[in-house]
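This report refers to the structure that appears directly beneath it.
None of the figures in this text is laboratory data; all of them are computed from the coordinates on show. These numbers were taken from a predicted model, which means no experiment stands behind them. Cβ sites come from the backbone with ideal geometry, for glycine too, and all protein chains shown count toward neighbours.
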Amino acid sequence: MTIPSVFVDNLSHSYAGKLALDKVSLTIARGSSFALLGPNGAGKTTLISILCTLRKADSGTAEVDGIDVRRSPTAARKRIGVVFQDSSLDDRLSAYENLNFHGLVYGMPARDRRQRIGEMLALVELEDWRDAIVRSFSGGMRRRLEIARALLHNPAILFLDEPTVGLDAQTRERIWQYLDQLRRERELTVLTTTHYIEEVETADQVCIINNGVIVNQGSPAELKLAHGRSWIHVVPRDDTVRTAILARFPETRDLGSNRLAVPVAGDGFVDQFLASFGSQLSEMRLEQPSLESVFLALTGTELRDRAAGRRDAEQAAGRRAGRR
Ligand SMILES: Nc1ncnc2c1ncn2[C@@H]1O[C@H](COP(=O)(O)OP(=O)(O)O)[C@@H](O)[C@H]1O
Ligand SMILES: [Mg+2]
């Protein structure tokens, strides 16, 4: 039997009595891409920080490449590279200096360091910025530099905690291209957390986590097949209509801001729904089965947050301001 890249069994963790991870179990195959998908507060960062030895779980087992992270943290750390949710670069140093410091921490000999730093900067197309001070970098450049740094000591497993938060769509796309290329060329195992549902479509396995509990796991196609259903998203014209819809279709989800999602139940349902309520809605659209609808079906909430892009950008700006 081959050893999986990541093995997590019955892992639980709480902060001051509040459960953040509740008996989480998962296995990640070597060389695969694994997406941990869940809303803010789901427990994603907690799981990553346990796996990368920064936090000790209350109970359960976590192994990377067959190494128990609690018993052998130093050995485990050598196998993994991490891109943290919050940028952890030193703004005052150059790209080269940031990578060199990381290499020193990992005990890489000087000649290895020089060579690997050159290779990694080329990989993320930052060679021309080698001696530039990180403070002058855009969000996307910082993320690329962090990926280069995470790979410097040649890990077998890469953890990325929300690697694309706060980046524009084009930069996000580019980051995913690097990650795919890396995985193909280096047989790297990649574990990514995200709350952008469209980013997990190409993952080998998607694991949905909510309130510290793994709700479901499978390939995007498997999840859609098993749990994907169509939904009618509507905005009722007034409270009477809203109450009538909720009473008639008890499986309806309340999405907030007056929006409801009614699960489509079989052929003819949409016509039937429209005949009853069509004239009493101020908005309506049909959502085909998607990972978003899987998430809705499994958790009862919508992951998509229309304001998320803006809020992420604000948070990133706040973090940058705070570091100065
Ligand atoms: N250092 C901490 N102290 C107390 N509570 C925390 C801490 N970090 C996270 N939490 C709580 O644990 C839960 C999971 O958080 P987290 O792992 O950061 O989720 P995610 O990364 O999915 O947003 C949340 O309810 C959060 O408020
Ligand atoms: Mg997080």
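Descriptive notes on the structure:
- Residue within segment 25-40 that is more than 14 Å from ligand 1 (Cβ to nearest atom), in contact with a helix residue (DSSP H, G or I) (Cβ under 8 Å, 6 or more places away or on another chain) and either without any contact (Cβ under 8 Å) to a residue 12 or more places away in the chain or not in a loop (DSSP other than H, G, I, E, B) (or both) present: yes
- Some residue of segment 64-78 being within 13 Å of ligand 1 (Cβ to nearest atom) and either surrounded by fewer than 19 Cβ atoms within 10 Å (Cβ to Cβ) or assigned to a strand (DSSP E or B) (or both): no
- Every test in (1) touching a residue at least 24 places away in the same chain (Cβ under 8 Å); (2) in contact with a Leu (Cβ under 7 Å, 6 or more places away or on another chain); (3) under 28 Å from E198 (Cα atoms) is passed by M141 save one, and that test is (1).
- Selection within segment 226-264 - in a helix (DSSP H, G or I) and closer than 18 Å to Q288 by Cα: A226, H227
- Qualifying residue in segment 15-23 (condition: touching a residue at least 40 places away in the same chain (Cβ under 8 Å), under 19 Å from the mean Cα position of the chain (by Cα) and within 16 Å of ligand 2 (Cβ to nearest atom)): yes
- Residue within segment 265-286 that is aromatic (F, W, Y), touching a helix residue (DSSP H, G or I) at 6+ places or on another chain (Cβ under 9 Å) and either surrounded by fewer than 17 Cβ atoms within 10 Å (Cβ to Cβ) or in a loop (DSSP other than H, G, I, E, B) (or both) present: no
- Residues in segment 132-177 that are within 16 Å of ligand 2 (Cβ to nearest atom) and over 27 Å from Q115 (Cβ atoms): D161, E162, T164, V165, G166, L167.
- Any hit, segment 84-95, residues being within 16 Å of ligand 2 (Cβ to nearest atom), closer than 30 Å to W129 by Cβ, touching a residue at least 12 places away in the same chain (Cβ under 8 Å) and part of a helix (DSSP H, G or I): no
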